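Worksheet: the structure to be examined is printed underneath.
The values are calculated or read from the model by the stated rules, or taken from the named source; none is laboratory data. As the structure is a prediction and not an experimental result, all values here were calculated from the model. Cβ: placed from backbone, ideal geometry, glycine included. Neighbour counts: every protein chain shown. Just so you know, the surface numbers come from the protein's heavy atoms only, side chains and all, with ligands and any DNA or RNA stripped out. Shrake-Rupley method; radii C 1.70, N 1.55, O 1.52, S 1.80 Å.
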Amino acid sequence: CRYIVEENLLKPVGISNQNYTFFDGLTTDLQSECKRIDNLIIGRGGLDFILLGLGQNGHLGLNEPGSSFDLYSHVSILAEETISVGQKYFEGETALSKGITIGIKHILEAKIAMVIASGASKTNIVNKLLKEEISPDIPATAMKLHNKGLLWVDEEASSKVK
C-alpha cells in the first residue's frame with residue numbers, strides 16, 4: 001500500500017518524503033510502532049489533514065467494524081472482506097490477518113478529514129454511511145462527528161443515494 005500511495009499520489013504531486021511518514025509494516029514490535037506514530041502526531045500538534053478511503057464494509061484506514069472511536073494508533077484484526085479485497089495489492093495470494101493503523105480518535109481530532117469513495121463497489125456502503133446512525137459497526141459513520149469532515153464520492157459510488 002505504501003508503494004501505491006507514494007507512486008500514485010505523493011510523488012506525482014511533488015510531496016517530499018520529509019513531509020510524510022508511514023508505519024513500519026515490517027517491524028516485529030507493532031505496539032511500539034503505534035506509539036511512535038502517536039508520539040509523532042501528538043508531538044506535532046495533531047493532523048492538519050487526513051485523506052482516507054472508504055472500505056466496502058465501512059472501515060476507515062483499517063479501523064474495522066466494531067473498532068472503538070476512542071483509539072489512537074493500534075493493531076487491527078482485519079475483517080474477512082478487507083482480507084479478500086486487500087489481495088489486489090499483492091501479486092499472489094497473501095496471508096493477511098492484521099494491520100496497524102491510525103485510530104478513529106486521530107481522525108476525529110484532525111483539522112480536516114476527507115473520505116473518498118469511488119466505483120460501483122462502494123454504492124451500498126456510501127448509502128449506509130449517509131443513512132445509518134453513528135455506530136462502531138460502520139466506522140465511517142464517525143465522520144458525522146467531525147466538524148470539518150468531507151465526503152467525496154464519484155457518480156458510481158453515489159448511484160444508490162436518494
Q) Do we have any residue at all in the range 79-93 that's modelled with pLDDT of 95 or more, among the acidic types (Asp, Glu) and out of contact with any strand residue (DSSP E or B) (no Cβ under 7 Å at 6 or more places or on another chain)? A) no
Q: Please specify each residue of the range 65-81 satisfying the condition of being open to solvent by 50 Å² or more (accessible area, probe 1.4 Å) and in contact (Cβ under 8 Å) with a residue 24 or more places away in the chain.
A: Pro65, Gly66, Asp70, Leu71, Tyr72, Glu81
Q. Which members of the range 37-54 meet the condition of being among the aliphatic types (A, V, I, L, M) and over 17 Å from Ser118 (Cβ atoms)?
A. Ile37, Leu40, Ile41, Ile42, Leu47, Ile50
Q) Can you name the residue in the range 116-157 that is in contact (Cβ under 8 Å) with a residue 40 or more places away in the chain, open to solvent by less than 40 Å² (accessible area, probe 1.4 Å) and not hydrophobic (A, V, I, L, M, F, W, C) and, of all such residues, is nearest to Leu60 (Cα to Cα)? A) Pro139
(Q) For the range 117-157, give me the residue count where each residue is of a type in the set (A, V, I, L, M, F, W, C) and not in a helix (DSSP H, G or I). (A) 8
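Okay, residues lined up against (1) among the hydrophobic types (A, V, I, L, M, F, W, C); (2) open to solvent by 60 Å² or more (accessible area, probe 1.4 Å); (3) touching a Gly at 6+ places or on another chain (Cβ under 6 Å):
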site	(1), (2), (3)
Leu10	yes, no, no
Asp24	no, yes, no
Thr27	no, no, no
Asp38	no, no, no
Arg44	no, yes, no
Asp48	no, yes, no
Leu54	yes, no, no
Q) Going through the range 98-113 one residue at a time, which ones are modelled with pLDDT of 95 or more, outside any helix (DSSP H, G or I) and over 12 Å from Gly61 (Cβ atoms)? A) Lys111, Ile112
Q) Within the range 12-22, can you find the residues that are surrounded by 10 or more Cβ atoms within 10 Å (Cβ to Cβ) and part of a loop (DSSP other than H, G, I, E, B)? A) Ile15, Tyr20, Thr21, Phe22
